[in-house]
Structure formats: C-alpha cells, structure tokens
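Notes follow once the structure below has been shown.
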Amino acid sequence: MANAGLTVAVTGPTGDIGLAALRAFDGSPMVGKVIGMARRPFDPAEHGLSEKVVYQRGDVLDRPRGARGAGVHAGFVGTAAGAA
C-alpha cells in the first residue's frame with residue numbers, strides 16, 4: 001500500500017457511483033489511500049481494487065479514521081424525471 005499521496009474517503013462505495021469513484025481514485029497516482037465507508041460489509045478485493053482501498057464501517061455522519069484529505073459522498077436518493 002502506498003504511504004504517500006492524498007487520502008480520500010468515499011461514502012456509498014457499494015453503489016454504482018461510489019464504486020466508480022473508488023476505481024477512479026484507486027487508479028490515480030496522486031491518491032495514496034482510499035477509505036470506502038459503508039454501513040454494510042464491503043470487500044474492495046472482490047471488486048478488483050488494490051490494497052490502497054480499505055473498508056471502514058460507518059456512514060456519512062462518521063469521520064473516517066486517519067483521513068486528512070478529501071471526502072466524496074456518493075450515496076444519495078434520486079427520483080426519476082416527472083415522478084410525483
């Protein structure tokens with residue numbers, strides 16, 4: 001695992017947007033560590049992510065342990081256009 005670079009926390013890593021964010025940060029040479037925060041268990045290796053991506057149980061209200069970089073909240077509820 002890389003020790004240098006930005007540490008990024010992503011909430012909602014089990015969804016499509018969150019997983020895409022994890023993959024993008026995992027592939028970035030500027031990012032040294034990615035913390036995927038989810039309420040349910042999540043194994044980064046099962047999604048082909050490197051060792052710099054780690055799982056931490058929590059949600060958007062929790063502060064990631066050891067994070068001093070950027071945060072991305074990828075979990076949200078959306079509605080279809082025209083929905084009541």
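Restricting region 1-32 to residues that are surrounded by 13 or more Cβ atoms within 10 Å (Cβ to Cβ), in contact with a Gly (Cβ under 7 Å, 6 or more places away or on another chain) and not hydrophobic (A, V, I, L, M, F, W, C), which is modelled with the highest pLDDT?
Among them, the one singled out is Gly32.
Yes or no, residue by residue, for (1) free of Cβ contacts under 8 Å to residues at least 40 places away in the same chain; (2) β-branched (Val, Ile, Thr):
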site	(1), (2)
Gly5	yes, no
Thr11	no, yes
Asp16	yes, no
Val34	yes, yes
Ala38	yes, no
Pro44	yes, no
His47	yes, no
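Could you list, in sequence order, all residues of region 9-28 that are over 13 Å from Pro44 (Cβ atoms) and outside any loop (DSSP other than H, G, I, E, B)?
Those that are over 13 Å from Pro44 (Cβ atoms) and outside any loop (DSSP other than H, G, I, E, B): Ala9, Thr11, Asp16, Ile17, Ala20, Ala24.
The rows are residues; the columns are (1) of a type in the set (A, V, I, L, M); (2) modelled with pLDDT of 60 or more; (3) in a loop (DSSP other than H, G, I, E, B).
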{"position": "Val34", "(1), (2), (3)": "yes, yes, no"}
{"position": "Phe42", "(1), (2), (3)": "no, yes, yes"}
{"position": "Ala67", "(1), (2), (3)": "yes, no, yes"}
{"position": "Gly75", "(1), (2), (3)": "no, no, yes"}
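The values are calculated or read from the model by the stated rules, or taken from the named source; none is laboratory data. Just so you know, these numbers come straight off a predicted model, no measurement behind them. Cβ atoms come from the backbone with ideal geometry, glycine included; neighbour counts cover every protein chain shown.
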